[in-house]
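First up is the structure itself, then whatever we jot down about it.
Derivation of every value follows stated rules applied to the coordinates shown; laboratory data play no part. Just so it is clear, the structure is predicted and the values come from calculations on it, not from any experiment. Don't worry about glycine lacking a Cβ; one is built from the backbone with ideal geometry, like all the others, and counts go over all protein chains shown.
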Amino acid sequence: MTKYIPNSNIVVRENSKFETKNIADYFKGKKVVAFALPGAFTRTCSNNHLPGYEQEYDDFKVLGVEEIYCISVNDPFVLEKWQEVSGTKKVKFLSDGNGNFTRDMNMITDRSASGMGLRSYRYSMYVENGKILKLYKDENGKFDVSDSKTMIKFLKER
């Protein structure tokens, strides 16, 4: 795989102010694991996806990962509250509230049938200096390959 993180604009909230940032900047010069999910506070995302990466954060660090990002098509306020409620301290949240990055990654999916509108597929990826070296994508309604244990297994076998 030779795909790179796209130069997509996201809106983040830093120091109580909204700022537009290029998401690719978060991946420059680093070894990063990122995972995306359909939405904050949803059952699988809250009970399985996010907790796995938070709990195994130190295992990722031992394997050379410098940052872990959780990306969701939710606004910054929702992700701030989810981070607080979930007790997440190590995984960093990146809001893709407008879906720009998710579209540019070709990972947008229509979840209108469940009232969620356009959201992200559930996926995970390993990225070095902006280059995506591995990507695992779950089909809608599934949580089979984007989990933390699958990513750790990949990193151990590299």
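Quick notes on this structure:
- Coil-residue trypsin sites (Lys or Arg not before Pro) of the range 20-107, DSSP, other Cβ within 10 Å capped at 16: K28, K30, K89, K90
- Across the range 83-158, Cα-Cα distances exceeding 20 Å account for 43% of all pairs.
- nm² value of the averaged projected area, convex hull over the Cα atoms of the range 64-118: 4.8
- With q set to 0.14, 0.16 Å⁻¹, the log10 of I(q)/I(0) for the range 1-141, from the Debye formula over equal scatterers at the Cα positions, is -0.61, -0.81.
- Amide N proximity, the range 51-68 versus R158 label position 7 Å along Cα-to-Cβ, cut-off under 13 Å: 60-68
- Across K21/K142; K3/K149; K28/K137; K17/K134, pairs whose alpha-carbon gap is larger than 26 Å: K21/K142; K17/K134
- Within the chain, helix-based [θ] at 222 nm, where runs of 4 or more DSSP H residues each add -39,500 (n - 2.57), nearest 500: -6500 deg cm²/dmol
- Relative contact order [Cα under 8 Å, 6+ residues apart], the range 3-145, whole percent: 30
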